[in-house]
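Read-outs throughout are calculated quantities, based only on the coordinates presented, and are distinct from any laboratory measurement. What you see is a predicted model, and the numbers here were worked out from it, not measured in a lab. Every residue, glycine among them, receives a Cβ derived from its backbone with ideal geometry; neighbour counts consider all protein chains shown.
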């Protein structure tokens with residue numbers, strides 16, 4: 001039985017508070033806190049921030065999944081109004097992407113009494129031995145796996161430890177479903193750490209589980225995030241956004257030099273023609289670099 005690293009460690013303390021951000025750029029915070037510079041750009045500029053591209057291997061599944069599961073997804077949305085805020089608070093405390101709350105939606109549809117065919121229980125579908133390693137009490141009829149708060153804390157610890165092991169959120173989600181041993185075996189057999197290359201060595205249930213997570217994320221967020229990308233895709237996206245911010249800052253500085261009486265901050269009255277020139281120039285430079 002694998003040991004869950006750090007299961008008995010004292011809970012970390014995080015004094016940071018949630019900050020209300022434009023949903024279209026909120027996901028950037030999970031990649032790098034410096035990306036919040038985008039929120040200081042005028043709306044015309046921030047709207048051109050590079051978007052996360054969905055991996056081609058998941059496009060059809062993500063497009064079809066909501067059509068086949070509309071009723072269950074809407075029920076999850078309704079339950080989520082009560083439980084998602086609590087989960088976000090816990091994930092923030094453990095410095096984890098808050099979008100991981102959608103894993104509970106995939107695991108159990110956010111139902112506390114959910115029981116799998118192999119005996120996993122609760123909203124996070126934890127096996128009894130894993131739950132005990134994570135300091136949950138499971139004895140007779142008393143089962144803390146059904147407690148939304150306590151089980152979410154346990155899941156946060158487990159997800160944190162899996163990320164320490166794999167450093168890739170798609171592999172973490174796969175390991176949460178199948179166990180880390182099967183993911184390590186798939187890595188060895190495929191010679192790759194890329195989920196889309198090693199997935200054929202994983203159980204069919206696990207392959208589908210990861211895709212369901214990505215599809216659920218897109219259903220609720222309307223775009224991808226750090227947990228829907230491979231490690232390599234995360235690195236590429238970070239590079240792209242870093243270059244975008246650098247170029248736009250330089251272009252906005254030129255606008256301010258040409259218009260010293262106005263500010264290039266959100267809500268400012270920077271002439272639209274000047275901003276459009278800035279946007280166009282920045283996009284042209286980024287496109288040239290991609291060629």
I need 48, 216, 146, 70 ordered by Cβ neighbour count within 10 Å, fewest first.
70, 48, 146, 216
Report the normalised scattering of segment 56-228 as log10 I(q)/I(0) at q = 0.10, 0.15 Å⁻¹, calculated by the Debye formula with identical scatterers on the alpha carbons.
-0.36, -0.84
Would you mind putting 204-210, 157-163 in packing order, based on average other-beta-carbon counts within 10 Å, highest first?
157-163, 204-210
Ranked on Cβ counts within 10 Å of their own Cβ, fewest leading, 189, 127 go 189, 127
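Rank by packing, highest mean first: peptides 101-108, 25-32, with packing defined as the count of other Cβ atoms within 10 Å averaged across residues.
Ranked by mean Cβ neighbours within 10 Å, highest first: 101-108, 25-32.
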Mean-position separation - Cα centroids, segment 155-196 and segment 23-65, in angstrom:
24
